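I have placed the structure first, in the form of structure tokens, so that the comments after it can refer back to it.
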Amino acid sequence: MTIVQDEDLRLLRDSVRTLLDRAGGLGRARRLRDGDEPWDAGIWKELAGAGVLAVAAPEEAGGLGMGLVAAGVVAEEVGHVIAPEPVVPTIGLAIGLLHRLCPQDATLEAAIAGDIMLAVAWQERSATGLSDVIECRFDGTTLTGSKDWVVGADGAGQMLVVSEGVHGPALVRVAADASGISTQARKQSDGSALWGLSFATTPAEVLAEGTQLTDALANAVADTTALAAAELVGLSGAALALTLDYIKTRKQFDKPIGSFQVIQHRAVDMNVMQEVAQAAVREALAAMDQAGSALERVRQASRAKARACTAAQKITREAIQLHGAVGYTDEFDVGLLLNRALVLSAWLGDAAFHRRRWLDAKETEVAVQ
Amino acid sequence: MTDWNAISDEDFRREVRAFFEAEYPEELRHLPHRPRFAEIEHWHVKLYAKGWVAPAWPTEFGGMGLGAAKLLIFYEEQQRYGVNRGRDMGIQMVGPLIIKFGTQAQKDYWLPRILTCEDIWCQGYSEPGAGSDLANLRTSAVIDGDDFLINGQKIWTTMAHDATHIFMLVRTDPNAPKKQQGISFVLASMDQPGVDVRTITTLAGETEFCEVFFDDARTPRANLVGEINKGWSMAKALLSFERIFIGSPGLAQNALGQLETFARGRAAFDDPVFRDRYAEVALDVEDHAALYSRFADQLKRGETLGADVSMLKIWVTETYQRISELMIEVAGPDGGSIGPLQVGNIGVDVLASFYKARPTTIYGGSNEIQRNILSKAVLGL
């Protein structure tokens, strides 16, 4: 893997930021939340055109080969304006699976070009929550069973489904308009939806099978987890900036409230939390690009997500408190950030889950040595 | 003479580590208290023979001449192996002060005596009425013939009872328009009738801090360092490197290692509640190190650090305290016991670690003062 130059990352950051700011910044997230479309197809094409979806995929799979460090830059910028387009699930999960399993498949090229949107269905629900086993069955031609916690199913042209096939685990492709699919959307705090999908002898086509799928899925999920952490870092940076602006201008007792020491110290704690989170997540992404073992990638991903969730939750909640009553209204943008932080924190495991997994991975590494 | 800055960081780290591991006395590793000079003199002799007493000083004055990057490595290795810093006020503060602001005569006389530890220095900054508000200091130095006549009181003077000399901030112009003006740097002997030292017993039962009383004590006017009434800005200039050093990960990393050893011995890792809290502090340490590297890289690129470096100190000292508190929880009913608790054949002194962590959020500019600095200089509030 090549080392990406700081200058390349800076250019990437500038171009993504300019594109998203020109599109409407944070205000666009509110418009889309209140509108009928889940995201903006035109912006999606623009992002793809700027190479945003290609950054992490290796060059031999049609990507730019800039690694997770570059994808993290993209994710931070997406988080900064809480862009509703599924950039991280697409780069991390959909493209992450395809470039590992079937780099020559035409779908990968189309996905990188933004011509097709792919939703990845890999988790299943049991009576008590997340299921440990895959029960969705693929018989060689059709798929039967249920998946849950699917992101972006509403705009997807195809779905990539992890199922139990004839020869062990199988990744299959299903057209969104295929027969026998029923969907159930659960609305989330940020206006997006998580989807439950049911398949009844739905026509499907196999893409990959066996242990290579298990490995690729573990790696793609680790990537996506770390990129979600980067998205949270961008988000909490925006919450901090909004709050600093607000406490410098809002006056009470004839003074800006930011002149009161109690407010100052709380703002400093938000800032310190943000700087630690940003440094830790960027270091974790760089370590994953260089990592020798799958276990180390998992450990770094968990480290990143644990930190980013903790920071984003603390910062967005403090942001509401420091805005006072207006922070509790829907009218102020700071609430959009809190609502998005709730969704991103819950997705792929929260801070407590990842602290647990980080320690387990660390102990396993020590035991293996 | 070796040009340390010319060799690679990795080679330098290896060399420093090898020297400490080969030469540093085992019984002095990770000392829980500040030693008197006599206790560590045999180590100082080795360090002196190696020419490594003053890592940061230029080579022309007998230092190693290390640049910022190498200096950080040196201190990281020192902390990692639990090498005591020794009585290093002369090395860390007085030497740089004289090198930067002193006369040729002061350099010629004082610097060699610092290296040999012929003179042992203590720092006279804080006073009963001048803690966080240091510029409020009142100890006066009045010109009297060829001498300054010194009257007043210093406090929290670390190891003053084991020092031969004191470098101090004194008020030389009580009528200056701002309290930061009218402060000067002077050097004085501790061995004179006008100086009285009383030790202060800490919560840990130790006597490393002192009060120092000056009652018509004298020091020659030649012992003024730099310009008269300009001591405040000189003191600030001296702190630039200390600001990253005081926020370095070493103390917290060592404490975390101790916590892990102790908790494994006590089977605490079987408890899911402990596991979560351990993971929390362990990640606090690991993620702090990521931020620390960012600042260290800035230094390595030759950039000056801004006020934002204060966040390192806030984070690492508060993490250090949480680690030491968790250690007490793991100790359970032994949590109030003085002295080492045995786990296997290792003794872990839980209370010593707890006590050692407490003043870290107070000294070097309390964490509240650090927050004031960040608020003003970084956030613009």
Can you tell me how many residues in segment A:1-34 are farther than 23 Å from A:GLY65 by Cα and among the aliphatic types (A, V, I, L, M)? 4
Going through segment B:76-88 in order, the residues found to be surrounded by fewer than 21 Cβ atoms within 10 Å (Cβ to Cβ) and in contact (Cβ under 8 Å) with a residue 12 or more places away in the chain are B:GLU76, B:GLN78, B:GLN79, B:ARG80, B:TYR81, B:GLY82, B:ASN84
Count of segment B:47-75 residues which are outside any helix (DSSP H, G or I), surrounded by 19 or more Cβ atoms within 10 Å (Cβ to Cβ) and either without any contact (Cβ under 8 Å) to a residue 40 or more places away in the chain or out of contact with any Gly (no Cβ under 9 Å at 6 or more places or on another chain) (or both): 4
Picking from B:PRO272, B:PRO340, which residue would you name as being within 14 Å of chain A (Cβ to nearest Cβ), more than 24 Å from B:GLU242 (Cβ to Cβ) and either among the hydroxyl-bearing types (Ser, Thr, Tyr) or loosely packed, with under 15 Cβ neighbours inside 10 Å (or both)? B:PRO272
Of the residues that sit in segment A:329-351 and are more than 15 Å from the chain's Cα centre (by Cα) and without any contact (Cβ under 8 Å) to a residue 40 or more places away in the chain, which one is farthest from the other protein chains (Cβ to nearest Cβ)? A:ASP330
Which one of these is surrounded by 19 or more Cβ atoms within 10 Å (Cβ to Cβ) and either more than 13 Å from chain A (Cβ to nearest Cβ) or aliphatic (A, V, I, L, M) (or both): B:PHE295, B:PHE214? B:PHE214
Name the single residue that is surrounded by the fewest Cβ atoms within 10 Å (Cβ to Cβ) among those in segment A:42-79 being over 18 Å from the mean Cα position of the chain (by Cα) and free of Cβ contacts under 8 Å to residues at least 40 places away in the same chain. A:GLY42
Among residues of segment A:304-349 being among the charged types (D, E, K, R) and in contact with a Lys or Arg (Cβ under 8 Å, 6 or more places away or on another chain), the residue surrounded by the most Cβ atoms within 10 Å (Cβ to Cβ) is A:GLU318
Restricting to segment A:247-258, name every residue that is of a type outside the set (A, V, I, L, M, F, W, C) and in contact with a strand residue (DSSP E or B) (Cβ under 9 Å, 6 or more places away or on another chain). A:LYS248, A:THR249, A:ARG250
For residues in segment A:87-121 being among the charged types (D, E, K, R) and modelled with pLDDT of 95 or more, which is nearest to A:GLY152 (Cα to Cα)? A:ASP115
Tabulated pairs, segment B:290-303, first over 13 Å from B:ASP9 (Cβ atoms), second of a type in the set (Ser, Thr, Tyr), C-beta under 8 angstrom, 6+ apart or interchain: B:TYR292/B:SER248
Taking segment A:251-281 and keeping residues surrounded by fewer than 21 Cβ atoms within 10 Å (Cβ to Cβ), farther than 15 Å from B:GLY380 by Cβ and touching a residue at least 12 places away in the same chain (Cβ under 8 Å) leaves A:ARG266, A:ASP269
Restricting to segment A:204-241, name every residue that is surrounded by 24 or more Cβ atoms within 10 Å (Cβ to Cβ) and in contact with a Cys (Cβ under 8 Å, 6 or more places away or on another chain). A:ALA229, A:LEU232
Against the condition crowded, with 20+ Cβ neighbours inside 10 Å, at pLDDT 90 or above, in contact with a Lys or Arg (Cβ under 9 Å, 6 or more places away or on another chain) and not in a loop (DSSP other than H, G, I, E, B), how does B:ILE91 come out, does it pass? yes
Within segment B:143-157, count every residue that is under 18 Å from B:ILE228 (Cα atoms) and in contact (Cβ under 8 Å) with a residue 12 or more places away in the chain. 8
Filter result for A:SER182 (in contact (Cβ under 8 Å) with a residue 24 or more places away in the chain and closer than 30 Å to A:ILE43 by Cβ): no
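The values are calculated or read from the model by the stated rules, or taken from the named source; none is laboratory data. Bear in mind the structure is a predicted one, so any value in this text is a computation, not a measurement. With ideal geometry, Cβ positions are generated from the backbone for all residues, glycine too; neighbour counts draw on all protein chains shown.
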